Amino acid sequence: MKINIFISLVLGILISEPITAQTEVSNPFGNALIPDMIADASIQEINGMFYCYATTDGYGQGLETSGPPVVWKSKDFVHWSFEGTYFPSAMKEKYWAPSKAVFANGKYYIYPTINGYMYPAVSDSPEGPFKLARGKDEFHKPFTSSTLLQTKDPSGIDAEVFIDDDGQAYVFWGRRHVGKLGKDMITVDSVTQIITTPRKEYSEGPIFFKRKGIYYYLYTIGGDEKYQYAYVMSKVSPMGPFEYPEQDIVSTTDYEEGVFGPGHGCVFHPDGTDDYYFAYLEFGRRSTNRQTYVNRLEFNEDGTIRPVELTLDGVGALRKVKREKKIKIDTIYASSIAKPLHIKPMKDTLCRRTEYFVPAFAADGANGSRWMAANGDNESWIIADLGTIRKVRHSEIYFVRPTAGHAYLLEGSTDGKVWEACGGHEDIKIQSPHTDTPDKKYRYLKIKISKGVKGIWEWNIY
């Protein structure tokens with residue numbers, strides 16, 4: 001979508017580089033899967049719905065914090081949404097790396113890392129609400145008696161569960177651990193193994209799946225811009241013995257494509273297909289300010305995995321869903337624009353990016369870019385000019401840091417002078433997108449953000 005970039009100077013924008021009307025600035029983050037900062041994604045399709053369980057990033061304080069547990073869902077793999085939390089008792093905890101939702105015993109089980117320890121949780125639905133599968137549904141630090149590992153030191157992170165064709169369940173976790181799970185899906189066999197791999201670096205974020213009789217174990221090495229995935233494979237069992245392909249790197253930094261540190265994610269394939277996809281976090285904006293991307297995963301005739309051709313473009317819709325036609329925005333402008341963010345490298349001096357926050361990024365259809373208001377802007381508004389008076393049926397707003405909640409006012413106008421309320425809410429709601437149905441004719445729409453982070457990933461008008 002081509003949008004004229006017009007920058008309002010109403011509040012005296014404070015920026016470190018001159019940007020004038022019609023200036024083109026680039027988006028180095030491409031088309032992320034989700035219009036939010038997420039990492040450690042576990043994606044699956046259940047009854048025609050795609051679910052994405054992940055770590056919520058973008059809360060600052062690095063590894064010491066996270067956002068609350070939310071599950072994004074989509075019917076087509078393009079338009080994603082969530083509403084509230086799926087794990088109420090963990091709402092205020094440090095919530096990391098939830099696994100896929102595993103169906104067993106007529107229920108769904110997940111295995112998130114909470115406050116640094118793995119816990120099993122259970123629900124009647126993949127959308128929750130989940131609760132701890134053993135003991136009281138509550139948390140305290142450093143850990144409670146409800147941990148997955150019932151050992152003196154129940155340390156471990158990044159659990160991922162695989163159920164084989166014979167019904168036996170296995171749990172994989174950080175530092176190459178694997179063990180069998182009991183039929184109750186919460187008891188780990190006392191005999192566990194360390195998977196031997198050719199690469200010996202610290203490892204987390206395990207991925208395990210089976211395809212055409214071959215078991216694949218993917219494990220991370222490195223971190224930050226140096227994050228990589230390697231793999232081993234077995235034709236015998238989930239616990240080996242494993243074969244070591246000569247070309248064992250699945251994902252690594254691609255300088256030409258501008259992809260840095262493709263790490264902790266998952267492998268999944270839509271129901272009824274043999275199409276496989278690789279989801280991964282990308283270095284992003286340093287520390288825990290990452291987004292997730294998806295590319296195809298392809299195999300050679302002998303079953304070995306081809307190195308993933310990484311791009312930040314996304315894979316588009318995986319299911320056809322009829323949707324209304326978007327209204328093309330002619331011009332979009334805002335009360336202010338945040339200073340450009342110069343992202344410094346951590347381990348790779350070639351990783352240098354600058355993120356801009358111009359209003360046009362709120363309507364470019366790419367989840368990796370966003371409009372942000374300047375610090376100190378107490379008005380924080382953004383206006384879309386449709387070019388002519390149009391019937392506006394509904395509006396979808398994907399705010400920045402949606403898991404913390406927002407309140408806003410949506411107004412419409414035919415002349416840009418007289419405005420009337422046509423949507424929004426005064427109370428803070430934790431969801432994304434926020435949807436309004438004006439069902440009236442306007443040329444201009446204005447969003448005034450009253451509570452929550454003053455920024456928008458995407459704004460769709462229909």
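The values are calculated or read from the model by the stated rules, or taken from the named source; none is laboratory data. All values reported here derive from a predicted model rather than from experimental measurement. Neighbour counts are summed over all protein chains in view; Cβ atoms, including those assigned to glycine, are modelled from backbone coordinates with ideal geometry. SASA here: full protein model, heavy atoms, side chains in, ligands and nucleic acids out. Shrake-Rupley method; radii C 1.70, N 1.55, O 1.52, S 1.80 Å.
Listed values, structure above:
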{"item": "Loop trypsin sites (Lys or Arg not before Pro), segment 287-348 (other Cβ atoms within 10 Å of the site Cβ: 10 or fewer; DSSP)", "result": "LYS320, LYS322, LYS325"}
{"item": "Relative contact order (%) - segment 190-241, alpha-carbon pairs under 8 angstrom, separation at least six", "result": "29"}
{"item": "Per residue value of the accessible surface for the chain (all protein chains in place, 1.4 Å probe), Å²", "result": "43"}
{"item": "Net charge contributed by nearby residues that have their C-beta within less than 15 Å of GLY265 (K/R +1, D/E -1)", "result": "-3"}
{"item": "Residue-span extension gain [ASP153 to LYS322] - 0.36 nm each, minus C-alpha spacing", "result": "55.7 nm"}
{"item": "Per DSSP, loop GluC sites (Glu not before Pro) in segment 139-232 with at most 16 further Cβ within 10 Å", "result": "GLU201"}
{"item": "Normalised contact order of the chain, rounded percent, pairs of Cα under 8 Å and 6 or more residues apart", "result": "16"}
{"item": "FRET efficiency for ASP348 and ASN375, using Cβ-Cβ distance with R0 set to 30 Å, rounded to 0.05", "result": "0.55"}
{"item": "Radius 13 Å from Cβ of GLY128, net charge of other residues (Lys, Arg +1; Asp, Glu -1)", "result": "-1"}
{"item": "Options [x] 40, 24, 20; [y] 42, 27, 22; [z] 33, 30, 21 - which one matches semi-axes √(5λ) of the Cα gyration tensor in Å as calculated here", "result": "[x]"}
{"item": "Accessible-area value, MET91, 1.4 Å probe, nucleic acids and ligands omitted, Å²", "result": "60"}
{"item": "Extended-chain gain in nm, criterion 0.36 nm per residue less alpha-carbon gap, THR435 and ASP274", "result": "54.5 nm"}
{"item": "Cut-off 20 Å, label 7 Å out along Cα→Cβ of ILE428, residues of segment 397-421 by amide N", "result": "397-410"}
{"item": "Cleavage-rule hits, chymotrypsin sites (Phe, Trp or Tyr not before Pro), segment 182-248, DSSP coil, Cβ neighbours within 10 Å at most 12", "result": "TYR202"}
{"item": "ASP166 paired with LYS417, simple spin-label distance in nm, labels 7 Å along Cα-to-beta-carbon", "result": "8.0"}
{"item": "Calculated FRET efficiency for the pair ASP124/SER190, C-beta based, R₀ 25 Å, to 0.05", "result": "0.25"}
{"item": "With all protein chains modelled, accessible area of ILE449 [1.4 Å, Å²]", "result": "10"}
{"item": "Accessible-area value, ILE389, 1.4 Å probe, nucleic acids and ligands omitted, Å²", "result": "90"}
{"item": "Full-extension gain in nm, ILE389 to ASN105, via 0.36 nm per residue minus C-alpha separation", "result": "96.7 nm"}
{"item": "Overall form of segment 253-337 per C-alpha gyration tensor (a/c, 1.5; a/b vs b/c)", "result": "oblate"}
{"item": "Prolate/oblate/rounded call for segment 26-95, Cα gyration tensor, a/c under 1.5 rounded", "result": "oblate"}
{"item": "Inter-part distance where segment 182-232 and segment 394-462 are each reduced to a Cα centre, Å", "result": "43"}
